[in-house]
Structures are given as C-alpha cells and as structure tokens.
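The values are calculated or read from the model by the stated rules, or taken from the named source; none is laboratory data. This is a predicted model, so every value here is computed, not measured. Cβ placement follows ideal geometry from the backbone for every residue including glycine, while neighbour counts extend to all protein chains displayed.
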Amino acid sequence: MPELKRLHAGHAPAVLAFELANRAYFAASVSDRGDEFYDQFANRHSALLDEQEAGICAFHVLVAEDGSVLGRFNLYDFEDGAAVLGYRVAQHVAGRGVATAAVRELCRLAAARHGLRTLRAATSYENVASQRVLAKAGFVPVGPADPADLGGKQGTWYQRDLEIQP
C-alpha cells in the first residue's frame, strides 16, 4: 500500500524519475516546468528541504512499496494558520482514488502536525480530475484564480477548513 512520507534528501532520485516519466502527462494540464527544472533538480530539491526545515512549507511524496514515487503532495506559503496545497500523481495511478486519499491524509497531517486551519488549492477549468479530487476531499470553490497562479490558465481557488486534532 502506498505511503505518504515527508520529503527527505534520499527521495531525490525517485522524485526526479517520477517527474521525468510523467513530464508530458503533467504538461497536458499544468504548465511545463522547463528543461532548467530537470537540469537543476538537485539544487531545487535541496532548496525545498531548506524551506521545509525553516517551517514555511511541508513537502510529501507518495511512495509505492517498491520505493517509486507515485505522487507529490505539498503544503506551502504557510501564513496565519493557512497554506496552499499543490499535488500531482503519476499517470499510471491517475483515476484510481490515489490523489483523493493522499489529499485527505495531507489535510489530516496539516492540522495535526502543522496546526493549520485552512488549506487552499487552485486548479484550471480544464483540469476536471483535480476539481474532482478537491471536491471529494472536502474542498469547496471560493472564487476565481489569477491566471498567473495557474501558468496563464483560467481557474478556480478551492478551500477546506480543517479541524485541529487535540
């Protein structure tokens, strides 16, 4: 069974393999990260770990039993008990409930580990799969997203209020 794990340095090779294997699939619904992202991956991975250590973000990977990465699930821009959620899953597991289950688990962790009360996520109008994931995970639409937040695409912000666990 896949496990949601906090990102660490040892995940770098599997995360890069995940990103490369799914690059064309991701580019169909979100802006492509560009060659520089892949060329400078080690530096970017290290920078993410620094941000996580500083407590301003929390990055997670969904890891299969064989150690491969099935998805990335990130909380960033922590501010006043709120954060932004971003995620992507491998093409070969899309449509199987993997993203929904991981987003639900991350919502639980966001409240329990980070004391967050609200999560927001933006998705383009064309990304119907992501809209379904957010709805199934308890997010509701709260207004239009700036195209700058979505790589130039029109879309919607979604929000979920979290219950803090004692």
(request) Being part of a helix (DSSP H, G or I), surrounded by fewer than 17 Cβ atoms within 10 Å (Cβ to Cβ) and among the hydrophobic types (A, V, I, L, M, F, W, C) is the filter; apply it to segment 27-42 and report the residue that is modelled with the highest pLDDT. (result) ALA42
(request) Sort out which residues of segment 95-107 are of a type outside the set (Ser, Thr, Tyr), surrounded by fewer than 19 Cβ atoms within 10 Å (Cβ to Cβ) and without any contact (Cβ under 8 Å) to a residue 40 or more places away in the chain, and write them in order of number. (result) GLY95, ARG96, GLY97, ALA101, ARG104
(request) Considering only residues that are among the polar types (S, T, N, Q) and out of contact with any Gly (no Cβ under 7 Å at 6 or more places or on another chain), look in segment 109-155 and name the one that is surrounded by the fewest Cβ atoms within 10 Å (Cβ to Cβ). (result) GLN154
(request) Please work out if ALA101 is at pLDDT 95 or above and either assigned to a loop (DSSP other than H, G, I, E, B) or closer than 15 Å to ALA129 by Cβ (or both). (result) yes
(request) Can you work out which of the residues in segment 138-163 that are part of a loop (DSSP other than H, G, I, E, B) and at pLDDT 95 or above is farthest from ALA83 (Cα to Cα)? (result) GLY138
(message) From the list GLY71, GLY67, exactly one residue is at pLDDT below 95 and not charged (D, E, K, R). Which is it?
(response) GLY67
